[in-house]
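The values are calculated or read from the model by the stated rules, or taken from the named source; none is laboratory data. Predicted model only: the values in this text are computed from it and were never measured. Backbone-built Cβ (ideal geometry, glycine too); neighbour counts: all protein chains shown.
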Amino acid sequence: MQKAVLFFFLFISVLTNTYAQEPTKWTLNLTDKGNGEVELSASFKIDPTWHIYDINLPDGGPIPTSLAIDNLKGATKVGKFKAVNSTLKKVYDEIFGMEVGYYEKQVTFVQRLKITDKAAFVLEGDLRGQVCSEVDGQCIPIKIDLSFKSKDLPASLVVSKTETGKEDSAVTEAPTENNTPDVESSTDSVPQLTTSAPPTDKATLWTPVIEELRTYGAAGDTSNMSLFWIFLVGMGGGFIALLTPCVWPMIPMTVSFFLKRNKKDKGKAIKDAITYGLGIIIIYVALGLIITAVFGASALNDLSTSAIFNLIFFGLLVLFAVSFFGAFELVLPSSWTNKMDQKADSTTGIISIFFMAFTLALVSFSCTGPIIGTLLVEAAGSGSMIAPAVGMFGFAFALAIPFSLFAIFPSWLESMPKSGGWLNSVKVVLGFLELALALKFLSVADLAYGWGILDREVFLALWIIIFVLLGVYLLGKIKLPHDSDLKHISVPRLFMAIISFAFAVYMIPGLWGAPLKAISAFSPPLFTQDFNLYKGEVHAKFDDYEAGMEYAQKNNKPVMIDFSGYGCVNCRKMEASVWTDSRVKDILEKDYVLITLMVDDKKKLPEVIEVEENGKTSKLKTVGDKWSYLQRHKFGTNSQPYYVLLNHEGKPIGPSYAYDEDVPKYLNFLNKGLSNFKKQKEDIKE
């Protein structure tokens, strides 16, 4: 454990040294420009061999420098946010595969403001960007918080009476290209989000169509199936937890206790054991409900795609894996367990049994904690309010089954495998699996923020190594600290080793672009692959709603919107198992304009957008916020994947479709939309 602590502090030290360097320094100023105008300037001095990126960069490239204004009162913007006092250099970046612009040595970014009410002036927001090294490619993000008030304005500033007399002088800045316009809608305000003129009125494109969709019905709606799947996954986690050394030895001990406690009344012993099982279920279901009540489904969904959360969970899973390998033992404070034991001894009846169940939950934490944590994260990502509780119910149900069954049939205890070295082997196997799963959480953060540190081939290479090592361990060629001597290889162990090696071999073609449908839910998308010989995947033509709609009208094609997410497991499954079907691929590429909108895209919007939603004002700060709001506002849903077919006016031409890997159903969904689109065109001509 001391080594683990030392390693932890060394790791923190490395991080501290990495981020302690400051390759750029900046100053913020508000300068009087005369005529009632001030200029907000951010001046950067950049170290040699470093550079900061331009404001306007192509999508999919590095992080551009951007200004986000959250709150502006007593002033309006004049002109655009721009760079001055430096020469823009443009080069072709081989990593991003595009031309990018950046500034070296020094640059000043400015935004001019017209002051309308000096006393009421407030400016809040942030300036973001990225400074990168030309030597080793290291990049450091920049975030400068902005907070200016009336007292910060230049003393020389003079505001004309005609300006201060305006009624709207203390109102948030007037709508611009990225702010909410004053458009009447059936429900909420409609954001005006692009500078190019759309093919139809923006209000039409953003107008809710929830009722129209209901008239078509929802094809492939598998929300109930998703909850059932979460229940099954929870049960699987519970059965795995039973085979850990923290839980397995507790089964005969606990059942024997109930039988000895009620020697003369076997019926009461069975009743107590069943009550004990129900206590386990109540405890874990309550945990799921509490987590949902505290955070809420949407917050959990946002949290599951947060870089910080995913990095923390990645670190925890690696820590648990190292613990499972035998480096140290992770246990809850013994005082907690002792208090539960005292409560169980000092109480009687159902309450005593409940505290015994609580003791089991605490004692088994070191083995069940990683399983429960992973389950809760996966359930939270579904967006359902009851998903965490359903997952916990499945987990606890599986955990409670043996305690009740062995109490009803005590003779089975004699045939129950005894505790031994095999239990530690189960822990080590779980350690390998936790290590592999940890990479999935690192991948979600990497994709959402566009870091590019865990591309698909890197991910697959690591998984191949992990499962080869797992196979070698199962064959007894690797021995960890708490392993017993392995005199011979059991048949189950041999088969598990074969499966592990076969799985590693299965993944090898993925290094050259094979779709690997079996793990598409975990691996990064194919578009992150640098070297790809496979051409069967489908790529969306647009990742912007309004740009895609404009293109569709010009080319007289219907639209399919794919609401997806970097952390969406079922989205990857649909893309790998349904979209790669030659018939589906042909229709999506030739007959539709495919628009994929990532609801967990963390890239900042040029301007913060305020919208009214459910009687409250919400701020949309990232690209993902914008598309998530579109899905909720226009279509009345917030789960992914979600597919909807639209005409050029943003009206549905068929039912919506959720997660369902049935290819014939998906083809019917697409063909029905095409048929309805053609009928609408014919009706217009007549």
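Among what's in region 550-570 and is more than 27 Å from the chain's Cα centre (by Cα) and of a type outside the set (S, T, N, Q), pick the residue that is farthest from residue 642 (Cα to Cα).
Ranking the qualifying residues of region 550-570, first place goes to 554.
Identify, from the list 675, 656, 618, 639, the residue that is polar (S, T, N, Q), over 24 Å from residue 551 (Cβ atoms) and more than 18 Å from the chain's Cα centre (by Cα). Full working, then the answer.
Working: 675 fails: over 24 Å from residue 551 (Cβ atoms); 656 fails: over 24 Å from residue 551 (Cβ atoms); 639 fails: more than 18 Å from the chain's Cα centre (by Cα).
Result: 618 is the single residue among 675, 656, 618, 639 that is polar (S, T, N, Q), over 24 Å from residue 551 (Cβ atoms) and more than 18 Å from the chain's Cα centre (by Cα).
Taking region 557-590 as the search range and keeping residues that are among the charged types (D, E, K, R) and in contact with a strand residue (DSSP E or B) (Cβ under 7 Å, 6 or more places away or on another chain), which one is surrounded by the fewest Cβ atoms within 10 Å (Cβ to Cβ)?
Ranking the qualifying residues of region 557-590, first place goes to 557.
Can you name every residue in region 581-619 that is within 17 Å of residue 527 (Cβ to Cβ) and in a strand (DSSP E or B)?
594, 595, 596, 597, 598
Looking only at region 448-480, which residues are among the hydrophobic types (A, V, I, L, M, F, W, C) and either assigned to a loop (DSSP other than H, G, I, E, B) or closer than 21 Å to residue 603 by Cα (or both)?
Selection gives 448, 451, 453, 454, 475, 478, 480.
For residues that are outside any helix (DSSP H, G or I) and of a type outside the set (Ser, Thr, Tyr), tally how many sit in region 624-666.
Of region 624-666, the ones outside any helix (DSSP H, G or I) are 636-662.
Checking the rest, the ones that are also of a type outside the set (Ser, Thr, Tyr) come to 636, 638, 640-641, 644-655, 658, 660-662.
Counting residues in region 624-666 that are outside any helix (DSSP H, G or I) and of a type outside the set (Ser, Thr, Tyr) gives 20.
Taking residue 573, is it within 27 Å of the chain's Cα centre (by Cα), more than 26 Å from residue 230 (Cα to Cα) and in contact (Cβ under 8 Å) with a residue 24 or more places away in the chain?
No: the conditions fail for residue 573.
Can you work out which of the residues in region 27-62 that are within 17 Å of residue 91 (Cα to Cα) and of a type in the set (Phe, Trp, Tyr) is surrounded by the fewest Cβ atoms within 10 Å (Cβ to Cβ)?
This residue is 50.
Before we move on, is residue 609 within 24 Å of residue 64 (Cα to Cα), surrounded by 20 or more Cβ atoms within 10 Å (Cβ to Cβ) and at pLDDT 85 or above?
Yes.
Residues that are farther than 30 Å from residue 122 by Cβ, at least 2 per element: which strands (runs of 3 or more DSSP E) completely within region 57-109 meet that?
Where strands (runs of 3 or more DSSP E) fall fully within region 57-109 and carry at least 2 residues being farther than 30 Å from residue 122 by Cβ, they are 89-93, 98-104.
Being more than 20 Å from residue 627 (Cβ to Cβ), polar (S, T, N, Q) and in the same structural domain as residue 593 (by TED's automatic domain parsing) is true for just one of 556, 570. Which residue is that?
After ruling out the rest, the residue left standing is 556.
Return the residue satisfying two criteria in turn: it lies in region 123-168 and is in contact with a Ser or Thr (Cβ under 8 Å, 6 or more places away or on another chain) and more than 24 Å from residue 56 (Cα to Cα), and of such residues it is modelled with the lowest pLDDT.
Among residues in region 123-168 that are in contact with a Ser or Thr (Cβ under 8 Å, 6 or more places away or on another chain) and more than 24 Å from residue 56 (Cα to Cα), the one modelled with the lowest pLDDT is 168.
Would you say residue 110 is touching a Phe, Trp or Tyr at 6+ places or on another chain (Cβ under 7 Å), buried (at least 17 other Cβ atoms within 10 Å of the Cβ) and assigned by TED's automatic domain parsing to the domain that holds residue 84?
Criteria not met by residue 110.
Against the condition buried (at least 23 other Cβ atoms within 10 Å of the Cβ), out of contact with any Cys (no Cβ under 6 Å at 6 or more places or on another chain) and either modelled with pLDDT under 80 or closer than 12 Å to residue 641 by Cβ (or both), how does residue 533 come out, does it pass? First the steps, then the outcome.
Details: buried (at least 23 other Cβ atoms within 10 Å of the Cβ): no; out of contact with any Cys (no Cβ under 6 Å at 6 or more places or on another chain): yes; either modelled with pLDDT under 80 or closer than 12 Å to residue 641 by Cβ (or both): yes.
When the stated conditions are applied, residue 533 does not pass them.
May I ask you to list the residues in region 110-134 that are in a strand (DSSP E or B) and more than 30 Å from residue 151 (Cα to Cα)?
Hits for region 110-134 are 130, 131, 132, 133.
Suppose we filter region 636-674 for residues that are among the aromatic types (Phe, Trp, Tyr) and either surrounded by fewer than 19 Cβ atoms within 10 Å (Cβ to Cβ) or in contact with a Pro (Cβ under 6 Å, 6 or more places away or on another chain) (or both); how many remain?
1
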